[in-house]
Every structure is written in C-alpha cells, then in structure tokens.
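Structure, as structure tokens:
The values are calculated or read from the model by the stated rules, or taken from the named source; none is laboratory data. Just so we're clear, the structure is a prediction, and the values are computed from it rather than from any experiment. Heads up, the Cβs are rebuilt from the backbone with ideal geometry, glycines too, and the neighbour counts pull from every protein chain shown. Remember, those area values only see protein heavy atoms, side chains included, never the ligands or the DNA or RNA. Shrake-Rupley method; radii C 1.70, N 1.55, O 1.52, S 1.80 Å.
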Amino acid sequence: RGPKSPGPRRSHEVSISEDEETLLGAYDTLEPATSTEQENSAVSMSQIGDAHVKRGNYGEALDCHRQALALHKKESCGLQNEHTAKHYDKLGSVYHGTGAANRAASYYHKALAIRLNVHGEDHLSTAESYDKVGTAYAEQGDYDRALNFHHKAKHVKKKLYGREHGNTARSFWNIGDVHYRKGDYDEALAYFKKAKEVQEKVLGADHPDKTATQNSIALTRKAKRSNES
C-alpha cells in the first residue's frame, strides 16, 4: 500500500448531546413496537446506533443499526427505497470505523444498487454512494477500483452541478487522495489543485474544505520531495 491519506481524520472521541444520552439510557427499556410504530422505532434505533458510534461502541452500534434495518424492512414490506439505502449506509459506516473496509464496501454496494434503481445514475445520492464505495476500496488498497467509483461520482456531479461547485471539487479531492495513496504524487497534485481552483471560486474564505485541500497539497509536495531525494 501507499502512504496514508493526506486528508483530515475524524476523532472517535466526539461529544454526545443530552438527547443522545437519553436515547442510550432508554435502549434497554425498549419494548417491541406495533406495526404502526415500527418505522418510528427504526429511526430511534438508528439514532441510538449513531450515539454508540460517537462513543466508539461499534458492537452496540452494529446491533442497533441491524435492528433498525430489520424494523424498516418489516414496516415497508420489503420494499427498497432511499430509507433502506440509508440504513445500509449506516452499517457500512460503522464497519468502516472499525477498519473492516471490505464489509463496509459490501453494505455501500447494497445502498448504491438501491439508489441506482430508485433514483437512476444522475442523482446526488447515487454520486455519494459511488464515493462511499470508492473510499472503502481505497482503504483496502484497491486503488484502481477506488478511482473507478470516484470518477463515476465526479461524472454525475459535473452533470448535475457543473465543474465549479463544491460537490465537484470534493470529487477532485477524492481522486487526488487515491493517487496520493498510490504514491502517484504528480497526479495527486493535479487533482488537489483542481479542487483548490474550484473551491477558491465557490467557497467562503474560511471553509474547512479549502483548508483541507491546501494541507493536502503541502503534504503531497513534501512526500514528492522525499520520494525524489
């Protein structure tokens, strides 16, 4: 594998709100829901799963998100829709957080398949699914597949929003990130610079995406110098 991504990483130590504390406290007292309550219960269970993720309790989070998915499927009589895709995304995200990128990719693929069926290719949710799959493959070191999915996301975003849009800039960054991981520093710099060019035009002066891209450019230049020395 190539070097680690030059992008920012989220800490697992995230502050938790009073509402989320209440949800966690109520977790053990939940009773079986009636059919009319199941979808609301699925949402609540998903929120409890999110709260567990913030605490780093990935086993409990997986259990909650699996229950949320099962409740949703029961309420929707197995019909797959955007809500189903979001439940698969949640499971994929938890596995991603544990470092099980292969399992994450499997759930992200399930969400992608639903969105292609429900929304078609030219939809932001579909593009975001392409990005999630691409990121999971990049974490596995499968860079060619990662690039394929990130390029698909970029194609959709450019079609929806044009080149000069924050979402399109993020796709440029994602592609640059994979090239960085591969050790293809010239390609990485080219895409990071494309992202920066768009961000300078469409984002505010203090936007965090601009800072992240500038840091990525600096780290890539440093890695390139070290590689050439």
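Criterion applied to Leu79, Leu124, Leu71 was being open to solvent by 50 Å² or more (accessible area, probe 1.4 Å), of a type in the set (A, V, I, L, M) and either more than 26 Å from Asp177 (Cβ to Cβ) or within 17 Å of the chain's Cα centre (by Cα) (or both), and the one residue passing it is Leu79.
Residue count for the range 147-168, restricted to those that are over 16 Å from the mean Cα position of the chain (by Cα) and either surrounded by 20 or more Cβ atoms within 10 Å (Cβ to Cβ) or in contact (Cβ under 8 Å) with a residue 60 or more places away in the chain (or both): 1. Picking from residues in the range 169-180 that are open to solvent by 10 Å² or more (accessible area, probe 1.4 Å) and free of Cβ contacts under 8 Å to residues at least 60 places away in the same chain, the one that is farthest from Pro208 (Cα to Cα) is His179. The single condition among (1) at pLDDT 95 or above; (2) more than 12 Å from the chain's Cα centre (by Cα); (3) open to solvent by 30 Å² or more (accessible area, probe 1.4 Å) that Lys132 does not satisfy is (2).
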